[in-house]
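All remarks here apply to the structure that follows.
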Amino acid sequence: MGVHVNGKDTPQWTNGLVSGMGANRIDRIKKILDAAAAKGILLELCLWSFDMFDAKQLGSSQYRMDQNEALFRNQNARTAYINNALKPLVLALKGHPGLLGYDIINEPEGMKDGWSRGNCGSVRCPSQLTGYEIQRFVNQLAGGIRSVDPDCTVTVGASIAYHVTQKWYNDAALISAGGDSKGVLSHHSVHYYPWNWGTSLSPFHNPASHWGLQKPIVIGESPAAGFCLSDSELSSCGKSYRFSASEKQCITTNYKNAYSGEYAGFMSWMYKSTSGCDKKLIGDWGDMQNGIKAIAGSPCISLTDSNCKTGSTNPPPPPPVVVPPPVVVPGSPSSVVVQPPSSQCTQVSQTSIQTSSASNWVVRNGWGMGDSSTLSVSSSALTLTTRQWGRNYYWIIQSASTYCLEANKDYSISFKLSESSTNQIYNTSISQCSTGCTGTTVEAISIDFINGFSAQTVSPVGVEDSQLNLKCNGEVWYSPLPTSSQPALAVSKYSPFTFKFTNTQNLQNVSFAVLLELFGKPSKVNTYTISEIVITKL
């Protein structure tokens, strides 16, 4: 996950020096990590990228370009960034169950070799960096991180294995350049794209031991699609592989080879849904899943965890589940009094969940981000009104009743979701939503059960996935991508939504919640109505 990336929006500068991360930046990152930890996912935070010297990405701002250059070539600027932005970030995230560690900078070699510089126009682009300047930057930022959190992972996403094998990032080279004995990497990270390099630089054709390094190696970037396209498919997309047809490999083989070659991990690029040539060449989460499944259940290979060594049959447990804390929004109706859950839970047969009183429900916002969320009731339906920015998660939780569900029994939940006629839902994927989506995107709709919830709870904990085996009907994830002329989705075409599930153990005194994952256009007031909620024991 990117933090500053090109430096256009963060960190905050005052009088020529970095003065902080920027308003609410750390809180936003923590909430993303909370959401990741809740799914048992670890995120690596990539601080910077070679895009720092791309004038077009910086909005043709000479001011921003000069700031970015100063981080490499001015010790005062670099020290101010480390002390006023980096260290506060690391301190705030130290020990977070959703944090893997930090990638100092993505593919910095392009800032030396020149391929990352471009689109200068009227902006004075910096001269190419030297290897020494890159090493000094990496050393001092890594040292800043380790001075606060010595146990977290730190790496650099090298554009190819060559830069790693030439000892650009070994301990002695980094310390010599920057002078900080703590500023070393925990592991190496290499990238590989088959239209740029042949098999001699491929981690999928050579085991980790081939490179002669003394630290674990993670494959930090490579196409999620693998590289097994036909020559005609490649040609139609303007590419060709740098190896013979017999050396082509699909993504499942890549994952198997990365594992058998004892690499400490593989991060495919990219997660976002793709189409056309991007889908063929790069791939997306759908392709990535096939590779992950190919090695699922295999013993783990160590990155840093002492419990997880090569050949171990007992991988360490996943991070504890953490649900983002509730956001208490100023201005919520003061007349609403939330009643505590009843001491006796309702045994479900066929139960209609009442939505006639807003006082029986609360809304919890997963991200916050200045959002203002309220619940009201109209015609026996719950109405959620929110002003959001980008993707938000909303738990709409029934606080006045709890339920008991039996183990190994089948249940279903159905409910209706409606949209505002003035702000209709346009799509079910945020891909290309910047072109033509004037309303809201529904990314996911699901149900949840929450243990021990009360309106005063700081961190309600959802029922673990192992307790529910969800089998869903009524999914809407696959509508066409939006265009400037695409009409509204008309969610009524898909509503009511029905979710069938079997829980694997008894659930006692759990609160019911509808979870909406929504992507809204900035500064719009969005309104959604939920009604006719029914839980049925099948």
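Bear in mind that the values in this text are calculations on the coordinates, not laboratory data. Note that the structure is a prediction, hence the values are computed from the model and not measured. Neighbour counts are summed over all protein chains in view; Cβ atoms, including those assigned to glycine, are modelled from backbone coordinates with ideal geometry.
Tabulated data for the structure shown
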quantity: Restraint check, Lys56/Lys94; Lys31/Lys182; Lys56/Lys272, Cα-Cα greater than 31 Å; calculated: Lys56/Lys94
quantity: Which of Thr386, Thr252 has the fewest Cβ neighbours within 10 Å, and the rest in rising order; calculated: Thr252, Thr386
quantity: Most to least packed among 170-180, 121-131 [average Cβ atoms within 10 Å]; calculated: 170-180, 121-131
quantity: Rounded Å value of the spacing that divides the Cα centres of the stretch 1-80 and the stretch 198-213; calculated: 32 Å
quantity: Residue-by-residue Karplus 3J(HN,Hα) for the stretch 180-190, coefficients 6.51, -1.76, 1.60, Hz, glycine and proline x; calculated: 9, 5, 7, x, 10, 8, 7, 7, 9, 10, 10
quantity: About the Cα centre, charge dipole magnitude for the stretch 1-121 (Lys/Arg +1, Asp/Glu -1 at Cβ), debye; calculated: 340 debye
quantity: Residues whose placed amide H lies under 5 Å from that of Trp13, excluding near-sequence neighbours; calculated: Ser19
quantity: Exposure proxy order (Cβ contacts within 10 Å, fewest to most) of His191, His205; calculated: His205, His191
quantity: Residue order, fewest to most surrounding Cβ atoms within 10 angstrom, among Ile104, Ile353; calculated: Ile353, Ile104
quantity: For the stretch 251-259, Karplus couplings with θ = phi - 60° (6.51, -1.76, 1.60), whole Hz, Gly/Pro x; calculated: 5, 5, 5, 4, 5, 5, 5, 4, 6
